Amino acid sequence: MIVTVTLNPALGVRYDADGVALGAANRVSRVRYHAGGRGLTVARLLHTFGHDVVAAGLAGGSSGELIRAELARAGVATQFTRISAESRRAVRIADAATGEVTTLEEPAPYITTEELGRLAGDYRAMLDGATAVVLCGSLPAGLPAETYGSLTSYAIEAEVPVILNADGRALRHAATRQPALVIPEAGASESELMAAGAGAVVLLTGSGVRAVTAEGEWHASVGSAAGGPASGERATGRRDALVAGFVPGIALGWTWPDMLRHALALADSVTPDGEADLALYEKLLPEVKLTGPRG
């Protein structure tokens with residue numbers, strides 16, 4: 001079982017409208033809901049490829065219930081720790097007339113010390129039988145920067161490998177606890193992360209992927225472009241898909257060439273909604289080009 005942890009999930013609410021005017025009443029043609037958050041996207045992608053996965057983390061209020069319901073509809077099992085505050089929402093207003101999308105993101109809920117303690121207990125119970133843990137995304141208000149570090153330590157004590165996707169102080173603290181793989185968001189030096197204790201560091205580049213490992217440095221790129229440079233929603237989905245792509249390899253002990261091929265083909269085949277285009281994935285997989293420590 002793979003456990004993905006999302007501490008700051010968001011209920012995505014998308015309003016489609018035929019024209020949007022500020023300061024006026026606007027008629028919405030369609031409303032769509034989506035369980036959002038990096039770890040939740042990772043969980044859905046892993047489920048698509050047939051892996052046994054559980055989405056965990058923190059969720060509260062009616063937004064939290066809708067997040068659970070959306071994941072259940074996708075076939076993803078959940079074990080969220082309940083919080084008293086309402087999980088945040090990310091509202092997108094799509095104007096069909098102009099093609100513009102306006103996003104309104106609510107602030108993160110405040111997490112109490114008691115809720116953090118219950119999360120730790122729930123998480124440690126899930127480690128029994130887990131094959132890998134994925135820690136993704138930002139920390140909500142009230143959680144210390146050391147949170148991911150503590151969760152990483154619990155997993156390492158249980159001999160469960162950790163894949164970490166974070167940034168800032170949360171990333172730096174957790175990197176010292178020997179995660180198997182770190183995929184930083186931005187502004188982090190791979191050499192510093194390796195020196196801190198990370199087993200390997202992977203960076204998503206414009207042309208592909210660079211992996212710094214104990215064996216040396218690997219580079220992966222796709223021979224034919226999958227639709228040009230990623231931006232906006234697709235760029236976010238591509239980053240999350242890359243994380244998902246490395247999880248089975250870390251859990252099952254794949255070679256770096258196999259991990260890189262799978263992860264990059266998945267990242268470059270993801271849709272703007274964070275879903276895998278399986279036909280495109282199969283097309284791209286043999287086109288991934290690799291260079292590594294041995295040439």
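I need a count of the residues in the range 249-295 that are assigned to a helix (DSSP H, G or I), surrounded by 13 or more Cβ atoms within 10 Å (Cβ to Cβ) and small (Gly, Ala, Ser).
5
Give just the number: which of (1) farther than 27 Å from residue 149 by Cβ; (2) buried (at least 22 other Cβ atoms within 10 Å of the Cβ); (3) at pLDDT 95 or above does residue 201 not satisfy?
Looking at each condition in turn, residue 201 falls short on (1).
Quick check, is residue 82 more than 27 Å from residue 242 (Cβ to Cβ) and basic (Lys, Arg)? Walk me through it before giving the result.
On the way: more than 27 Å from residue 242 (Cβ to Cβ): yes; basic (Lys, Arg): yes.
In short, yes.
For the structure I just gave you, tell me whether residue 43 is surrounded by 14 or more Cβ atoms within 10 Å (Cβ to Cβ), assigned to a loop (DSSP other than H, G, I, E, B), touching a helix residue (DSSP H, G or I) at 6+ places or on another chain (Cβ under 9 Å) and touching a residue at least 12 places away in the same chain (Cβ under 8 Å). So that I can check it myself, show each step before the final result.
Values: surrounded by 14 or more Cβ atoms within 10 Å (Cβ to Cβ): yes; assigned to a loop (DSSP other than H, G, I, E, B): no; touching a helix residue (DSSP H, G or I) at 6+ places or on another chain (Cβ under 9 Å): yes; touching a residue at least 12 places away in the same chain (Cβ under 8 Å): yes.
Spelling it out, it is not the case that residue 43 is surrounded by 14 or more Cβ atoms within 10 Å (Cβ to Cβ), assigned to a loop (DSSP other than H, G, I, E, B), touching a helix residue (DSSP H, G or I) at 6+ places or on another chain (Cβ under 9 Å) and touching a residue at least 12 places away in the same chain (Cβ under 8 Å).
Check off (1) farther than 16 Å from residue 3 by Cα; (2) more than 18 Å from the chain's Cα centre (by Cα); (3) in a strand (DSSP E or B) for residue 81 and give me the number that stays unchecked.
Against the list (1) farther than 16 Å from residue 3 by Cα; (2) more than 18 Å from the chain's Cα centre (by Cα); (3) in a strand (DSSP E or B), residue 81 comes up short only on (1).
Given the options 108, 130, 120, 145, name the one that is surrounded by fewer than 22 Cβ atoms within 10 Å (Cβ to Cβ), in contact (Cβ under 8 Å) with a residue 40 or more places away in the chain and in contact with a helix residue (DSSP H, G or I) (Cβ under 8 Å, 6 or more places away or on another chain). Can you show your working first?
Details: 108 fails: in contact with a helix residue (DSSP H, G or I) (Cβ under 8 Å, 6 or more places away or on another chain); 120 fails: in contact (Cβ under 8 Å) with a residue 40 or more places away in the chain; 145 fails: in contact (Cβ under 8 Å) with a residue 40 or more places away in the chain.
Sole residue among the options that is surrounded by fewer than 22 Cβ atoms within 10 Å (Cβ to Cβ), in contact (Cβ under 8 Å) with a residue 40 or more places away in the chain and in contact with a helix residue (DSSP H, G or I) (Cβ under 8 Å, 6 or more places away or on another chain): 130.
Can you tell me which residues in the range 163-179 are surrounded by fewer than 21 Cβ atoms within 10 Å (Cβ to Cβ) and in contact with a strand residue (DSSP E or B) (Cβ under 9 Å, 6 or more places away or on another chain)?
Keep residues of the range 163-179 that are surrounded by fewer than 21 Cβ atoms within 10 Å (Cβ to Cβ), which gives 167-169, 172-173, 176, 178.
Result: 178, single match.
Could you give me the residue pairs with C-beta distances under 7 Å whose first residue belongs to the range 27-38 and is over 15 Å from residue 6 (Cα atoms), whose second residue is in a helix (DSSP H, G or I) wherever it lies, and which are 6+ apart or on separate chains?
Once the first residue is over 15 Å from residue 6 (Cα atoms) and sits in the range 27-38, its partners that are in a helix (DSSP H, G or I) give 33/66; 33/70.
Which numbered condition in (1) under 30 Å from residue 31 (Cα atoms); (2) touching a helix residue (DSSP H, G or I) at 6+ places or on another chain (Cβ under 6 Å) is the only one that residue 152 fails?
(1)
The values are calculated or read from the model by the stated rules, or taken from the named source; none is laboratory data. All figures in this text were calculated on a predicted structure; none of them were measured in a lab. Neighbour counts run over all protein chains shown; Cβ positions are idealised from the backbone, glycine included.
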